[in-house]
Amino acid sequence: MKSPLLTLPGAVPAEGVDEGVAAHYGDLFREQRALADGTGFVDLSHRGVVAVTGEDRLTWLHLLLTQHVSDLPAGQATEALILSANGHIEHALYLVDDGTTVWAHVEPGTQEALIAYLESMKFFYRVEVADRTADIAVVHLPAGSIAPVPDGVVVRETPHGRDLFLPRADLEAYAEQAGPPAGILAYEALRVEQYRPRLGFETDHRTIPHELGWIGSAVHLQKGCYRGQETVARVQNLGKPPRRLVFLHLDGSEVHLPVAGTELRLADDGPDGRKVGFVTTSARHHELGPVALALVKRNVAVDAPLVAGDTAAAQEVVVEP
């Protein structure tokens, strides 16, 4: 779905998964600094929006999600996962309940598969699931923002900022009063800095929540059964995940960033050394320079210098080995 805000001055369209919104508006670092200072907004109107209504909505979702939501207070934000039977991550939901409806935004293009799964699990529960992507747009306001929120708009407030579920018809009018726009590249650079994983970027077909630090924030360890819980409990109580998320400081003298999927090797092993991981997201940060998130094998020493393709990389621990 193409955003009308792509007509704003300087807008350069994003590509790939984030197609439909602006990658940037002409000055990536200025946009990052604005967000870090709590000004401006990010157009996330390409993300899927799913609404769940009905008096059983919270108790029903509690049975399906990794998060404890049966008693979720109205207005309190949370995030949750849906796992496969083997505990692999299939969906990531960013939730808030407004007292009558649970609103969730999800990765672009994943809402149809999510809704199909939810519909298959309704049984006798009094719930209705709807795809609201066509009429509701997500807009992100950074932490500290004093931009106005229109009356009646559902807000999901987190330490990283506020996500607004805004009527899509109001998107252009809201942009005029919300401050300078920032593109998805600025938003992503701050996400990398904050170590926040993203479905389809930090995940692949075999990712389990422990690898990305999603235990606690998206996975509740003291709740009832849900699909994939056996794997979560087994790894939590008896073992360690095979991989772990790391933050990388990349060599700033390189012109090109290593793209997602770039293989990581131990620097001491040279260019023919064995693969120990791969880059998941890379970005140019306004203060830190080139940085990345990556998955590495659990037994890689936390202080081992790495090489991402041809680019030297130093680790910061995100998930303990």
Check: For the chain, what % of the accessible area comes from carbon and sulfur atoms, probe 1.4 Å?
Finding: 52
Margin query: Only Cα pairs within less than 10 Å get springs; with that Gaussian network setup on the chain, which residue of Ala233, Ala92, Ala283 has the largest fluctuation?
Written below: Ala233
Next item on the list: Taking the dipole about the Cα centre of the stretch 123-208, with the C-beta of Lys and Arg at +1 and of Asp and Glu at -1, give me whichever of Ile146, Ala175, Pro159 is farthest to the positive side.
Entry: Pro159
Note to self: Could you put Arg234, Arg227 in order of accessible surface area, largest first, with the 1.4 Å probe and the full protein assembly present?
What the structure shows: Arg234, Arg227
Checklist line | the stretch 171-273: GluC sites (Glu not before Pro) in DSSP coil with no more than 16 other Cβ atoms inside 10 Å | finding: Glu254
Item checked: Average Cα contact separation per residue, the chain, under 8 Å, 6 or more apart, as relative contact order % -> 19
Next item on the list: Specify which residue in the list Ala308, Leu238, Val255 is farthest towards the positive end of the charge dipole of the stretch 238-321, using unit charges on the beta carbon of Lys, Arg (+1) and Asp, Glu (-1), about the Cα centre.
Entry: Leu238
Item checked: Top of Ile208, Ile146, Ile89 by mean-square fluctuation, Gaussian network on the chain, Cα under 10 Å -> Ile146
Next item on the list: Could you please put Met121, Met1 in sequence from largest to smallest accessible area, using a 1.4 Å probe?
Entry: Met1, Met121
Note to self: Going Cα to Cα from Lys297, which lysines come in below 16 Å? Please leave out same-chain ones fewer than 8 positions away.
What the structure shows: Lys240, Lys275
Next item on the list: Could you name the aspartates and glutamates whose alpha carbon sits less than 16 Å from that of Lys223, not counting residues in the same chain fewer than 8 places away?
Entry: Asp71, Glu79
Notebook entry, point to check: Could you give the accessible area per residue of the stretch 219-321, probe 1.4 Å, as a whole number in Å²?
Noted result: 51
Margin query: Can you find, among His24, Val102, Leu58, the residue sitting farthest towards the positive end of the charge dipole of the stretch 17-114, where Lys and Arg contribute +1 and Asp and Glu -1 at Cβ?
Written below: His24
Next item on the list: Let me know the charge dipole size of the stretch 179-262 about its Cα centre in debye, to the nearest 20, where only the beta-carbon of Lys, Arg (+1) and Asp, Glu (-1) is charged.
Entry: 480
Next item on the list: Residues in the stretch 11-25, backbone N under 19 Å from the label point at Arg33 (7 Å along the Cα-to-beta-carbon vector): list them, ranges by number please.
Entry: 24-25
Notebook entry, point to check: Given +1 on the Cβ of Lys and Arg, -1 on the Cβ of Asp and Glu, and no further charges, what dipole in debye does the chain carry about its Cα centre, rounded to the nearest 20?
Noted result: 860
Notebook entry, point to check: Just Ser45, Ser282, Ser253 to compare: in a GNM of the chain, with alpha carbon springs under 10 Å, which one fluctuates most?
Noted result: Ser253
Checklist line | For the stretch 81-235, size of Cβ-based charge dipole, Lys and Arg +1, Asp and Glu -1, in debye | finding: 560
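The values are calculated or read from the model by the stated rules, or taken from the named source; none is laboratory data. Quantities reported herein were computed from a predicted structural model and do not represent experimental measurements. When we count neighbours, we look across all protein chains shown, and the Cβ atoms used for this are built from the backbone with ideal geometry, even at glycine. Calculation scope for accessible area: heavy atoms of the full protein, side chains included, ligands and nucleic acids excluded. Shrake-Rupley method; radii C 1.70, N 1.55, O 1.52, S 1.80 Å.
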